[in-house]
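Just passing along the structure, written as structure tokens.
Where a number appears in this text, it was derived from the coordinates with a stated rule and is not lab data. It should be emphasised that the depicted structure is a prediction, and the values quoted were computed from it without experimental measurement. Cβ atoms come from the backbone with ideal geometry, glycine included; neighbour counts cover every protein chain shown.
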Amino acid sequence: MSGRLVVFEGVEGCGKSTQLQRLQATLQGSDRIQDLQRQGAISQIVTTREPGGTELGQEIRHLLLDYRSATPMASRAELLLYAADRAQHVEELIKPALADGSWVLCDRYVDSTVAYQGYGRGLDLDLIHQLNQVATGGLLPDLTLWLQLDAAVGLARTRQRGAADRMEQADLAFHQRVQQGFEQLAEQHSDRIVAIDAAAETDAVATEIDAVVDRYVQQWYTPSLTT
Ligand code: TMP
């Protein structure tokens, strides 16, 4: 039995963390999922995030988001810290959970590195792909829900929430490049990335996500017809 990796992506303030929690609750209450669990096709519905999905990752997250110094963090140091977090996360949590047949709902994954460190910071995209490969051993999401939102709208939402972390403090132009990165990725990987309109009300976003996930559940768990 092998589980499924479902990733939430998007710019700051797109609402992915809220939607991820809602999806977990919806799946846990779903008759279809409970049936699949009884049949042994699915184990648990696990939630996690990057950076910070493991104990080591929590420390790396703190370094990445709370670092304050007169000398700014070098972009390549930032990239390597995200990669280190991911390598630990995949080995310690994601791969074992998938091997156990669980669904892993993950807040950010490889596409965030392409969007933020590639498009945002301007680091070489080939280097990023290589590092993602090293960190994940080639493990890609089965489905990526990209919560599509204008970067300025998202940033305004996060700034209402209180003190901005180191990444949120970057200027609007940076976050607009990140947004373009996600747009490019969605075009290039239309097989696994589905755009969700995140400008809508929270309930409407959740409804759209549920419909997409339902479609994938059908696809993943309906035995193919043989004649
Ligand atoms: P979040 O958990 O609130 O989304 O914060 C994570 C921050 O880290 C967010 O600003 C996006 C950023 N990030 C990257 O820059 N590269 C990455 O590879 C990942 C996973 C996150």
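Need one word for the stretch 167-227: rounded, prolate or oblate. Basis is the Cα gyration tensor (sqrt eigenvalues a ≥ b ≥ c); a/c below 1.5 gives rounded, then a/b vs b/c decides. Provide the component values of the computation, followed by the final result.
Working: a/c = 4.15, a/b = 1.93, b/c = 2.15.
Oblate, because a/c is 1.5 or more while a/b does not exceed b/c.
Could you work out which residue, out of 17, 43, 30, moves most in a Gaussian network model of the chain, that is, has the largest mean-square fluctuation with Cα springs under 10 Å?
It is 30.
Residues in the stretch 88-109, backbone N under 13 Å from the label point at residue 134 (7 Å along the Cα-to-beta-carbon vector): list them, ranges by number please.
Within reach of a label on residue 134, which here means backbone N under 13 Å from a point 7 Å along Cα→Cβ, the stretch 88-109 contributes 88.
Counting C-alpha atoms alone, how compact is the chain: give Rg to one decimal and Dmax as a whole number, in angstrom.
Spelled out, the Cα radius of gyration and Dmax of the chain are 17.6, 69 Å.
Among 134, 175, 5, which residue has its Cα positioned farthest towards the positive end of the charge dipole of the chain, with +1 placed on the Cβ of Lys and Arg, -1 on the Cβ of Asp and Glu, and the dipole taken about the Cα centre?
Of the candidates, 134 comes out farthest on the positive side.
Report the equivalent ellipsoid semi-axes for the stretch 1-125 in whole Å, largest first, defined as the square roots of five times the eigenvalues of the gyration tensor built from alpha carbon atoms.
Working: eigenvalues 193, 44, 30 Å².
Computed over the stretch 1-125, the values are 31, 15, 12 Å.
Residue 75 to residue 171: extension gain in nm, 0.36 nm per residue of separation minus the Cα-Cα distance? Don't jump to the answer; show the numbers that get you there.
Details: separation 96, 0.36 × 96 = 34.56 nm, distance 1.51 nm.
Full extension from residue 75 to residue 171 adds 33.1 nm.
To continue, here is another question. What spacing in nm lies between the two simple spin-label points modelled at residue 99 and residue 202, each 7 Å away from Cα in the Cβ direction?
Computed distance between label sites residue 99 and residue 202 equals 3.8 nm.
Among 145, 220, 103, whose Cα lies farthest out toward the positive end of the dipole of the stretch 4-225, if unit charges sit on the beta carbon of Lys, Arg (+1) and Asp, Glu (-1)?
About the Cα centre, the residue reaching furthest to the positive side is 103.
Assuming 0.36 nm per residue, please report the length gained on full extension of the stretch residue 56 to residue 32 beyond their Cα-Cα distance.
Details: separation 24, 0.36 × 24 = 8.64 nm, distance 3.54 nm.
Result: 5.1 nm gained on full extension.
If you take the beta carbon distance between residue 65 and residue 220 as r and set R0 to 35 Å, what does 1/(1 + (r/R0)^6) give as a FRET efficiency, to the nearest 0.05?
Computed FRET efficiency for residue 65 and residue 220: 0.55.
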